[in-house]
Amino acid sequence: MSTNGTFKARWLIENLNPHYPLDLEWLVQQPELGFHKTVKIRPNPLLPPEITAFVLPHSDLSADYICYNPNYLTERIRFGVAHEIAHLYLGHEGYAIGEDEDPDIKEDADNFGSELLMPYFRVRAKYAKLHKLNPLHIVYNLKKYFWVSAEAMSRCLLLTNCITGAYFLYDNYKFYYVYLSDGLENNYEVRKMLMEEYETLRNKEYREIPYLRHGQMTKFYLHKFSNGKVFGALDIDRRHNSIEYIKISN
C-alpha cells in the first residue's frame, strides 16, 4: 500500500531526474532534500547482524552519519541506506531500530526506499522493453539496472501492475519467501509439485513447467542456483497489481 513516503520519493525522483542505478551518495548531497546538516554514508563493521543500517545523529557532530553493516550484500545495504535516508527526509523522530521499530514508520520508510530505488514509472518503462522475456529473466535484467535484490525486484513487478502471478525462493527444506498476486492461492498441492521438481533439477538448470489453473494453461519457471536454492515464478497474465506477502515457516 502506498504511503506518504511513496509520494514523497516520487516527487524527489520527478524533480531530480537521477540516473539509475541510483547513487545514494549523490542523492544525500542534493539541496532538494532540505537536510540541515551534511549527510555522510559510512560502513561500520561493528554493527550487530540484525542491523543493516542506522542513522547516527548528534548535536555535536557537523554531519549526520548513516552507518551500514558492510557484511551484507550490496543490494541489501542499498535498501537499508535508502530506508535511513527516508527517516531523515520524512522527519521521523524518536523511532527505534530493528525489531522494535514502529510498524507504521517502518512501512513509510520502506515505501520511500523502494520508490527511490525502483521508481514506479521507470520500472514500467523498462519492463515495457522486456515484456517478451520470461518472468525470471525480466527480474534478472531489471535487478541489474536498478541494483536491487531479486526478491525486491520480484515484488516490485507485481506491485507495479507488470505481472500477475507469483515469485518465490525455495530449496528441498523450505520456502524462503512467496509473493502472490491477489486471488492466487498458496496451496499444498502446488508446493508438493514444486518440491518434486526440485529433486530432478540440476544446478544452474532452467525449467519451464506447464500448469493448468482453473482451465487456463499457465507456466511455472524455475532456475536452480549452485547453492541449491531455486528461484521461481508463475506467470498468469500481466494486468493486475494487488499483492500479498506470505512468509512460510519450516
Residues in the range 131-147 that are more than 14 Å from PRO18 (Cβ to Cβ) and crowded, with 18+ Cβ neighbours inside 10 Å total 6
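Conditions tested, residue by residue: (1) under 13 Å from the mean Cα position of the chain (by Cα); (2) not charged (D, E, K, R).
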{"site": "PRO70", "(1), (2)": "no, yes"}
{"site": "GLY80", "(1), (2)": "yes, yes"}
{"site": "ILE85", "(1), (2)": "no, yes"}
{"site": "ARG122", "(1), (2)": "no, no"}
Per the filter on the range 160-190, residues more than 28 Å from MET118 (Cβ to Cβ) and not acidic (Asp, Glu) are ASN172, TYR173, ASN187, TYR188
Within the range 63-91, residues part of a helix (DSSP H, G or I) and either free of Cβ contacts under 8 Å to residues at least 40 places away in the same chain or not assigned by TED's automatic domain parsing to the domain that holds LYS106 (or both) come out as ILE77, GLY80, HIS83, GLU84, HIS87
Note: among TYR173, TYR179, just one is surrounded by 16 or more Cβ atoms within 10 Å (Cβ to Cβ) and either under 14 Å from the mean Cα position of the chain (by Cα) or more than 19 Å from TYR206 (Cβ to Cβ) (or both), namely TYR179
Listed by first then second residue, the pairs whose first member lies in the range 26-48 and is among the hydroxyl-bearing types (Ser, Thr, Tyr), whose partner is surrounded by 13 or more Cβ atoms within 10 Å (Cβ to Cβ), with beta carbons under 7 Å and at least 6 positions apart or on separate chains, are THR38/ALA63
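Are any residues in the range 187-214 closer than 17 Å to ASP237 by Cα and either in contact with a Lys or Arg (Cβ under 9 Å, 6 or more places away or on another chain) or not basic (Lys, Arg) (or both), and if so, which ones?
Keep residues of the range 187-214 that are closer than 17 Å to ASP237 by Cα, which gives 208-214.
Matches in the range 187-214: GLU208, ILE209, PRO210, TYR211, LEU212, HIS214.
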(1) farther than 25 Å from MET153 by Cα; (2) modelled with pLDDT of 95 or more all hold for TRP11 apart from (1)
Does TYR167 meet the test of being of a type outside the set (A, V, I, L, M), within 13 Å of PHE231 (Cα to Cα) and touching a Ser or Thr at 6+ places or on another chain (Cβ under 8 Å)? yes
Only one of (1) assigned to a strand (DSSP E or B); (2) at pLDDT below 95; (3) farther than 24 Å from PRO119 by Cβ does not apply to VAL55, and that is (3)
Per the list (1) in contact with a strand residue (DSSP E or B) (Cβ under 6 Å, 6 or more places away or on another chain); (2) without any contact (Cβ under 8 Å) to a residue 24 or more places away in the chain, residue check on HIS137 breaks on (1)
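The values are calculated or read from the model by the stated rules, or taken from the named source; none is laboratory data. Keep in mind that what you see is a predicted model, and the values were worked out from it rather than measured. Every residue, glycine among them, receives a Cβ derived from its backbone with ideal geometry; neighbour counts consider all protein chains shown.
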